1. Please state, as a whole number in µm²/s, the translational diffusion coefficient that the Stokes-Einstein equation yields for segment 27-185 at 25 °C and 0.890 mPa s, with Rh defined as the Kirkwood radius across alpha carbon pairs.
2. Hey, fewest Cβ within 10 Å first, where do PHE208, PHE62 land in order?
3. Report, in deg cm²/dmol and to the nearest 500, the calculated mean residue ellipticity at 222 nm for the chain, where each DSSP H run with n ≥ 4 adds -39500 (n - 2.57) and the sum is divided by the residue count.
4. I want to check the label-to-label distance for ALA108 and GLN197. Put each point 7 Å from Cα in the C-beta direction and report it in nm to one decimal.
5. Report the net charge of residues surrounding PHE62, where surrounding means a beta-carbon distance below 13 angstrom and charges are Lys +1, Arg +1, Asp -1, Glu -1.
6. Contour minus end-to-end for THR10 and TYR46, with contour as 0.36 nm per residue of separation and end-to-end as the Cα-Cα distance?
7. Considering only TYR46, TYR220, TYR189, give the residue with the highest GNM mean-square fluctuation for the chain, with springs between Cα atoms whenever their separation is below 10 Å.
8. Are there trypsin sites (Lys or Arg not before Pro) in segment 203-283 that DSSP marks as loop and that have at most 13 other Cβ atoms within 10 Å, and which are they?
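Every read-out reported here was derived from the displayed coordinates using simple, explicitly stated rules and does not represent laboratory data. Keep in mind the model is a prediction, meaning the values are calculated, not measured. Methodologically, a virtual Cβ is constructed for each residue, glycine included, from the backbone with ideal geometry; neighbour enumeration extends over all protein chains shown.
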Amino acid sequence: MQTTHQTLTTAELYTKTFRFDMWRGACDGILTAASQTFCLFIAIRYYDASEGIKSAIAGAPFMGMFCSLLLVHYASSTGWKKSTCAALPSIITGVGLALAGLVDSILAFAALVIIGFICRSALLPFVTAIYGENYPRGKRASYFSKPLMMTVGVSAAFGVAGSLILEADIENFRWLFIFLGCAGLVKAYSIYSMPSQPIEVGAHKHPFGNLKYLFTDPSYGYVLLTWFIMGFANLWTLPLKVDYIASAKYGIEASPFMVAFIITILPDTMRFLFIPFWARLFDKINFIVLRIILNLSFATGILLFFITEDLWIIGLGSALIGFSFAGGSIAWNLWVTKYAPPGKTAAYMSVHVFLTGVRGSIGPFIGYWVANQIGVASIGWVSFGMMIFASLMLIPQIKMVREA
């Protein structure tokens with residue numbers, strides 16, 4: 001049940017937000033394992049899906065990010081609390097994933113999974129805005145890191161459990177997806193229960209009006225440009241990782257457990273271990289320096305993943321990617337709280353999420369096409385080069401960073 005934001009003391013505001021965010025984090029861990037591994041695995045092994053369907057499933061979370069700009073715009077006219085705006089899409093996620101376990105065709109399965117994960121990502125600007133309102137400056141990463149650790153820990157555990165369930169009988173995916181649906185519904189209740197203020201009335205008459213901040217705030221826009229380059233180099237490899245080690249096409253054809261171990265369990269374990277380390281850095285050091293360090297770490301991990309068929313080296317690359325994602329998750333979710341003026345966090349975040357959605361939506365399709373043209377190993381080298389270039393672009397911004 002929601003509590004009026006103004007009736008809570010500062011300590012009560014932190015405590016209640018944190019308590020329900022821990023529940024949200026646990027449910028997100030279950031959904032993360034599904035989006036990273038199980039949805040694509042079922043599409044590949046059970047349904048023998050085409051590359052187009054695999055790309056669409058992999059791109060679904062990013063299609064949701066693309067839609068977030070529209071959702072924030074239209075929600076701004078409702079006067080609803082941010083927690084309500086975020087809970088409603090999560091209900092759709094829960095229902096969609098549960099139904100995906102009951103259907104028998106690849107088209108119905110893909111459609112329900114895609115709808116579910118579009119809604120899961122579209123709500124992100126509202127949750128970040130709640131953090132900006134309810135958590136104190138200088139400690140936001142510290143507060144956010146614990147639910148994030150819950151997400152990562154649960155994701156790793158569920159990755160193990162889910163892979164063993166599927167190894168016993170792949171038909172068990174139906175019960176697995178019903179459980180995913182329940183996680184989506186519990187997440188919706190958790191977000192709805194967070195104290196929050198009504199969403200600010202939009203200042204624009206059309207849904208893409210917030211994009212103006214890319215130009216009216218040049219430093220913010222420039223950082224997003226470099227992030228687009230680096231992020232594209234990362235996101236177009238996401239479905240290729242699963243396909244690379246699961247499909248017979250590339251000669252590895254790992255077992256369900258090994259796929260889950262390399263794609264989810266190992267990187268999520270690294271994320272879990274290093275989230276506190278990156279949270280302290282986010283709250284204390286120059287943000288641009290932090291972003292450059294993360295770019296270089298991501299670049300090395302992706303290169304190691306794709307230049308070999310040796311599972312040990314692929315595992316080393318996956319571990320380094322997980323180490324990088326520990327800091328990347330914190331930076332991605334919270335950096336706009338350093339840049340956005342008061343009352344504009346949701347608007348600034350919607351632009352950031354929208355651009356992530358653009359690159360994530362087209363990335364899988366381009367990634368599969370480019371891999372067929374130049375080979376998977378070359379994808380690793382191209383991604384490495386793009387991330388190094390994005391890091392060099394950020395160097396002039398080091399002295400211009402905001403530390404709100």
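1. Rounded to a whole number, D works out at 150 µm²/s.
2. Working: PHE208 12, PHE62 25.
The order, fewest Cβ neighbours first, is PHE208, PHE62.
3. Only helices count here, giving -25000 deg cm²/dmol.
4. The two pseudo-label positions are separated by 4.7 nm.
5. Details: positive: ARG120, ARG359; negative: none.
With Lys, Arg at +1 and Asp, Glu at -1, the net is +2.
6. That pair, THR10 and TYR46, stretches by 7.9 nm at full extension.
7. Largest GNM mean-square fluctuation: TYR46.
8. Working: sites: LYS205, LYS212, LYS241, LYS249, ARG271, ARG280; in loops: LYS205.
Listed in order of number, the matching sites are LYS205.
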